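Just so you know, all these numbers are worked out from the coordinates, no wet-lab data involved. Quick caveat, the model's predicted, so the values are computed rather than measured. Every residue, glycine as well, gets a Cβ built from its backbone with ideal geometry; the counts of neighbours run over all protein chains shown.
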Amino acid sequence: MKTRNLTVVCMLAGLLCWGCKQTDVTQVLDRAETCMAERPDSSLYLLRTLDKRHISGSLRKARYALLYSQALDKNYIDVDNDSLIRVAVDYYKGHGTSHEKALAYFYLGRVYDNAGDETRATEAFVEAETHALDTDDHYICGLIYSYLGNLYFSQYSFDEALAMYDKSEKCYAQAGQLRNEGYMVEAKARVYKLQHLWDNSLNEYNKAKEIFFVLNDFEQILFINRAISIIQFQSGKQIDLTIDLLKSLYSENKIYTLPVEDYPLWSMISLKNKDLDKAREYALLSLSNKDSLSERQLAGLYALLIEIESSAKNYSKALEYSGEYEKIMENIDEYERHNLIQEIEHKYKNRQLKDQLEAEEKYHFYQLKIISLLELV
């Protein structure tokens with residue numbers, strides 16, 4: 001009898017202890033959620049103090065998975081495996097609020113984006129959008145549209161990228177996120193630059209400068225001023241004006257060594273001035289840092305070298321660079337024809353019976369041939 005009573009007491013004590021642990025888990029999750037916006041590093045620290053063996057119940061597990069995924073992303077720790085966030089998605093797709101659903105699908109999209117899976121990333125972001133629109137969280141809407149804009153931009157679907165960046169800018173403005181608003185204005189300027197809409201691009205860059213001036217972010221202002229100097233060059237302004245602006249920027253910001261990212265621009269300036277030796281020197285210096293270049297930027301660099309060597313009548317060298325250029329462009333063209341973000345979004349919204357988006361293939365080999373050179377700067 002005493003043995004049986006002792007067993008019951010121990011079981012009750014165990015249940016009480018388990019209940020205390022679950023209360024502690026909930027409190028830690030609450031604190032982590034409270035810190036997330038302003039102190040994501042603290043949120044990550046708190047979440048790492050939890051022993052996952054003590055997290056029970058599908059709700060707590062889903063909440064932990066969502067908060068942990070959010071904390072990792074906000075601390076710039078890229079995750080390309082969906083095993084963690086999938087716990088949250090699987091739960092919230094049948095439970096929880098629209099806001100929780102939006103967050104779960106957004107961070108699922110971030111994981112796929114990190115993994116380079118544009119199809120599933122787009123599908124997840126579009127699903128996140130459908131739920132985010134049922135909330136009053138303008139910030140999460142801004143995030144979703146910014147990443148969709150980036151996916152469109154990566155494939156040079158300019159009109160769609162502009163539409164997404166514009167939506168994101170407005171959402172960030174409503175959310176009082178001035179810095180992010182500035183980034184979206186700058187993103188629009190970058191798209192206009194690639195479209196050769198120089199006045200539109202300059203207007204957006206100047207608008208972005210005003211925002212970053214309010215934020216006292218002079219490093220970002222330097223970046224924008226450099227972009228403006230590139231527009232001056234590409235729009236056919238006098239080369240001397242571009243050179244003077246660049247030298248002024250270097251002097252004002254105490255830059256005594258030519259930045260690596262400016263090598264292609266100085267190569268183009270030298271080519272324009274018919275100084276082929278200098279043009280080649282800057283281009284080859286940039287090529288020596290090719291690991292830091294995207295495929296399109298590398299293609300643009302080879303296109304520049306082709307032009308330099310052709311002008312110098314070094315046709316065998318130009319032909320060698322042409323072979324490298326063709327290989328890169330064929331890979332890009334083949335990849336993009338099978339991964340059109342516009343088509344992915346269209347098909348996914350059809351499956352969800354949402355508003356349809358028109359999808360047209362706009363990527364052709366010879367269009368990319370021109371654009372790859374532009375993205376180099």
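For segment 69-166, a/c is not less than 1.5, where a ≥ b ≥ c are the root eigenvalues of the C-alpha gyration tensor, and a/b does not top b/c. That puts it in the oblate class.
For the residue pairs Lys74/Lys247; Lys188/Lys274; Lys247/Lys313; Lys52/Lys93; Lys188/Lys247; Lys188/Lys290, the alpha carbons lie more than 28 Å apart in Lys74/Lys247; Lys188/Lys274; Lys247/Lys313. For segment 82-138, the Cβ-based charge dipole about the Cα centre amounts to some 200 debye (Lys, Arg positive; Asp, Glu negative; other atoms uncharged).
Dividing the convex hull volume of the alpha carbon atoms of segment 92-217 by its residue count gives 99 Å³ per residue. Computed across segment 199-333, the Kirkwood hydrodynamic radius from all distinct Cα-Cα pairs reaches 16.3 Å. Remark: C-alpha extents of segment 234-304 on the principal axes read 31, 26, 23 Å, sorted largest to smallest.
Separation of segment 267-306 and segment 166-196, taken as the distance between their Cα centroids, equals 30 angstrom. In whole percents, the pair-distance distribution calculated for segment 225-268 from its alpha-carbon pairs, binned every 10 Å from zero, is 28, 62, 10.
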